[in-house]
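Each remark here refers to the structure printed beneath this line.
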Amino acid sequence: QQHYLYYWYNLSEGERYALANLAVVQHDPSMRPTFRQLQRQCLIIPSNSGYRYLSSALRRFVRGQRVNNLLQIEPFVIDLQRHMVTVAGEPLKLTKTQFKILAYLAQRQGQVATNRELEEHVWQDEYVEDPQRLKAAIKHLRRALGPWARYIVNERGVGYALRVGRQ
């Protein structure tokens, strides 16, 4: 842990972001210098599909760190800057609405967001109280999440929460 902390605190903000969001940014040509630097520091190693962490212990450490513009809630990494989500290292294809819902629930870290809060957050100026619209959006989000849909929990009559670690 101390070894990783030393490296972590000596990384630039961009290097922390790249390391924490490895699955998304490793194919971005503008990030090549950053990855070369991370490789020189022995934090990542090349693989057939790009780069991977030096060890699973390093990956676990990185996933526990705070990084600007990223929400890391195992198994999700939600990139607020690029509007992208990876789950267990695999990118998800989400609509703008699905992304907004998932990111909002993730920012609340297990707390219930009321139906009204979700409606206002997602549709803002287009807000109309329509529980069917929200239910349909949640249904489509769950479908897009596949086996990770179980983490979207409905608190009947109140709203929804993202609860990871739930079976």
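The values are calculated or read from the model by the stated rules, or taken from the named source; none is laboratory data. Keep in mind that this is a model prediction, so the values were computed, not measured. Ideal geometry is used to build each Cβ from the backbone, glycine not excepted, and the neighbour counts take in all protein chains shown. Protein only, heavy atoms only, side chains kept; ligands, DNA and RNA dropped before computing areas. Shrake-Rupley method; radii C 1.70, N 1.55, O 1.52, S 1.80 Å.
Classify the range 1-77 as rounded, prolate or oblate, taking a ≥ b ≥ c as the square roots of the eigenvalues of its Cα gyration tensor: rounded when a/c is under 1.5, otherwise prolate if a/b is larger than b/c and oblate if not.
Numbers: a/c = 1.32, a/b = 1.17, b/c = 1.13.
Here the range 1-77 falls in the rounded category.
When the Gaussian network model of the chain links Cα atoms closer than 10 Å, the mean-square fluctuations of 39, 65, 124 top out at 124.
Charged side chains reduced to their Cβ positions (Lys and Arg at +1, Asp and Glu at -1) give the chain a dipole of some 620 debye around its Cα centre.
Using the basic label-point model (7 angstrom from Cα toward the beta carbon), what is the residue 130 to residue 164 distance in nanometres? Distance between the two pseudo-spin positions: 3.2 nm. Does anyone have the angle between helix 131-145 and the longest principal axis of the chain? Alpha-carbon axes, 0 to 90°, nearest 10? With rounding to tens, the tilt is 30 degrees. Couplings 3J(HN,Hα) of the range 15-25, computed from phi: 5, 5, 4, 5, 5, 6, 10, 3, 4, 8, 8 Hz, in residue order, whole Hz [Karplus 6.51 cos²θ - 1.76 cosθ + 1.60, θ = phi - 60°; x for Gly and Pro]. Counting only residues at least eight positions apart within a chain, or on another chain, the aspartates and glutamates with an alpha carbon under 20 Å from that of residue 100 are 74, 79, 90, 117, 119, 120, 125, 126, 129, 130, 155. When the chain is described by a simple charge dipole with +1 on each Lys and Arg Cβ and -1 on each Asp and Glu Cβ, the residue from 11, 113, 165 located farthest towards its positive end is 165.
Counting only alpha carbon atoms, the long axis of helix 96-107 and the longest principal axis of the chain meet at about 80°. Computed over protein heavy atoms with a 1.4 angstrom probe, the accessible surface ordering of 79, 125, largest first, is 125, 79.
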